1. How much net charge surrounds Thr165 when only the other residues with a Cβ under 12 Å from the Cβ of Thr165 are counted, with Lys and Arg +1 and Asp and Glu -1?
2. Would you indicate which of (1) 0.95; (2) 1.00; (3) 1.06 is the value of Rg/Rh (Cα atoms, Kirkwood Rh) derived from the coordinates of this structure?
3. Can you compute 3J(HN,Hα) from phi for each residue in the stretch 81-94, using the Karplus curve 6.51 cos²θ - 1.76 cosθ + 1.60 with θ = phi - 60°, rounded to whole Hz and x for Gly and Pro?
4. Give, rounded to the nearest 20 debye, the magnitude of the charge dipole that the stretch 41-193 has about its Cα centre when Lys and Arg contribute +1 at Cβ and Asp and Glu contribute -1 at Cβ.
5. What nm value, rounded to one decimal, do you get for the distance between Glu98 and Glu58 when each label is placed 7 Å out toward the C-beta?
6. A 31 angstrom limit on the alpha carbon distance is what I want to check against. Which of Lys4/Lys56; Lys89/Lys128; Lys67/Lys128; Lys18/Lys128 exceed it?
7. In nm, what is the difference between 0.36 nm times the number of residues separating Tyr203 and Lys160 and their Cα-Cα distance?
8. If you add up the charges near Ala35, with Lys and Arg at +1 and Asp and Glu at -1, over every other residue whose beta carbon is less than 9 angstrom from its beta carbon, what do you get?
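The numbers here are math on the coordinates, done by the rules we state, and not lab data. Worth saying up front: this structure is predicted, and the values here are computed from it rather than measured. Heads up, the Cβs are rebuilt from the backbone with ideal geometry, glycines too, and the neighbour counts pull from every protein chain shown.
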Amino acid sequence: MNVKKQIFEGEGVKLDFKKTITSCEKIARTMVSFANNKGGRLLIGVADDGTIKGVKSEDEERYMITKAAHLYARPALEPVFEEVYVDDKLVLIVDTPESTLKPHYALAEDGKWRVYVRVKDKSVLASKIVVDVLKRSTENTGVLIEYSSKEKSLLEHLEKTTRITVKEYCDLIKVGRRAAQRILVNMVLSGIIRIHTTDKEEYYTAA
């Protein structure tokens with residue numbers, strides 16, 4: 001795809017702009033969120049508003065990205081580099097493909113490893129349910145759903161209100177958070193319900 005066209009369309013689920021790389025933690029977070037999602041592309045040398053600044057030291061940027069991919073991501077990532085000139089300025093393209101080793105963790109500034117997913121143009125912290133779904137989606141183990149009253153209550157509720165949060169589901173079926181999460185993970189993996197992550201909350205709808 002034409003890089004200029006991508007820049008014009010702006011940042012999104014599969015595209016992120018970075019004027020320069022200043023932090024291994026931040027860039028690892030973005031690459032991990034791409035790998036845990038459907039893959040994505042970083043354009044280095046492009047400001048958030050789409051202004052093409054170009055990279056000053058392409059070797060330095062590559063070094064920082066490789067370091068972030070190998071030491072600040074777990075399992076390690078293997079980004080693919082490409083250089084293009086846009087309006088006579090050098091832009092470094094870094095592609096992170098979707099991974100088959102999900103979930104990937106990024107090392108945060110506080111020294112903890114965390115899972116991130118891509119929501120619109122941001123890399124957000126994954127909830128426990130999303131982490132479980134990522135883990136089990138790569139295991140290829142079938143999910144056997146037994147339709148107990150708990151699953152039926154959820155589907156009936158979604159028919160009436162179209163969406164539900166974990167807390168609302170706990171209250172609905174009178175169980176603890178862990179038991180509710182287990183049911184929700186199974187139903188997401190079975191394709192019966194869909195998970196929606198936003199900056200502020202996470203909720204579920206019928207698939």
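1. Once positives and negatives cancel, what remains is 0.
2. (3)
3. Residue by residue, the stretch 81-94 yields 9, 8, 10, 9, 9, 10, 6, 6, 10, 7, 10, 9, 9, 10 Hz.
4. Details: 25 positive and 24 negative charges, 223 e Å.
Using Cβ point charges on Lys, Arg, Asp and Glu, the stretch 41-193 gives about 1060 debye.
5. Result for the modelled spin labels: 3.0 nm.
6. Details: Lys4/Lys56 19 Å; Lys89/Lys128 42 Å; Lys67/Lys128 27 Å; Lys18/Lys128 29 Å.
Check vs 31 Å cut-off fails for Lys89/Lys128.
7. Working: separation 43, 0.36 × 43 = 15.48 nm, distance 1.50 nm.
Stretched fully, the Tyr203-Lys160 segment lengthens by 14.0 nm.
8. 0
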